[in-house]
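K.L.:
I'd like to ask you about the structure that follows.
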Amino acid sequence: MPTIPRPRCSVMRCQHASMPGSSMCQGHAPPPKQAPSREGLRHYKSAAWSSMRTAQLSRFPLCAGCQDRGLIRAASVVDHVWPWRAIGPDAFRVNRLQSLCPECHSVKTGLEGRGIVREYGVRDWTMADYRCQTGQG
């Protein structure tokens, strides 16, 4: 029984067959997206982090972001003030922490994507500020 030929690549004048699930051949298709490295996430499963997290939420049980806006809300997320991916493995040893609710943590994470580091109740920083504080630049 004959098979149905695969459609041609959608790039003009290309005669190669398209890849399954794509309109382009292997030579014209964009490279597959790489998942972000999850190497640092192993620190969150350590006993040391569990102890630090419990201590932080015990000392500061309310969300710092909500308190900044005059609201009272329980915190359930312990956040690194300086993004640990930008600092490296030492971020789990020397980084300042803040207690946040999931919504304030999402806002802070979105700001980090634009290069702004928010320490609720204190100020907004940039990574250049971190390098100045630590003498790294």
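K.L.:
Can you find even one residue in the range 47-54 that is at pLDDT 85 or above, among the charged types (D, E, K, R) and in contact with a helix residue (DSSP H, G or I) (Cβ under 6 Å, 6 or more places away or on another chain)?
P.N.:
No, the range 47-54 has no match at all.
K.L.:
Continuing with this model, one more query. Kindly provide the set of residues from the range 72-112 that are more than 19 Å from Ser51 (Cα to Cα) and among the aromatic types (Phe, Trp, Tyr), ordered by number.
P.N.:
Trp82
K.L.:
Here is a follow-up. Right, Arg13: over 28 Å from Asp129 (Cβ atoms) and either touching a Ser or Thr at 6+ places or on another chain (Cβ under 7 Å) or part of a loop (DSSP other than H, G, I, E, B) (or both) or not?
P.N.:
It is true that Arg13 is over 28 Å from Asp129 (Cβ atoms) and either touching a Ser or Thr at 6+ places or on another chain (Cβ under 7 Å) or part of a loop (DSSP other than H, G, I, E, B) (or both).
To keep it simple, each residue is scored yes or no on (1) of a type in the set (Phe, Trp, Tyr); (2) at pLDDT 90 or above; (3) loosely packed, with under 10 Cβ neighbours inside 10 Å.
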position	(1), (2), (3)
Cys14	no, yes, no
Ser22	no, no, no
Pro30	no, no, yes
Lys33	no, no, yes
Pro36	no, no, yes
Glu39	no, no, yes
Ser58	no, yes, yes
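K.L.:
Determine, yes or no, whether Asp68 is among the acidic types (Asp, Glu) and either at pLDDT 90 or above or in contact with a Ser or Thr (Cβ under 7 Å, 6 or more places away or on another chain) (or both).
P.N.:
Judged against the criteria, Asp68 is a match.
K.L.:
Which members of the range 100-125 meet the condition of being surrounded by 13 or more Cβ atoms within 10 Å (Cβ to Cβ), in a strand (DSSP E or B) and either in contact with a Gly (Cβ under 9 Å, 6 or more places away or on another chain) or basic (Lys, Arg) (or both)?
P.N.:
The answer is Leu100, Arg118.
K.L.:
Okay, moving on. Could you tell me which residue of the range 1-12 is nearest to Val78 (Cα to Cα), considering only residues that are of a type outside the set (A, V, I, L, M, F, W, C) and at pLDDT 85 or above?
P.N.:
Ser10
K.L.:
Select from the range 39-93 the residues that are acidic (Asp, Glu) and assigned to a helix (DSSP H, G or I) and list them in ascending order.
P.N.:
Glu39, Asp68
K.L.:
Would you pick out the residues in the range 62-79 that are within 18 Å of Val122 (Cα to Cα) and either surrounded by fewer than 17 Cβ atoms within 10 Å (Cβ to Cβ) or β-branched (Val, Ile, Thr) (or both)?
P.N.:
Leu62, Asp68, Arg69, Gly70, Leu71, Ile72, Val78
The values are calculated or read from the model by the stated rules, or taken from the named source; none is laboratory data. Remember, it's a predicted structure, so these values are computed and weren't measured experimentally. Neighbour counts run over all protein chains shown; Cβ positions are idealised from the backbone, glycine included.
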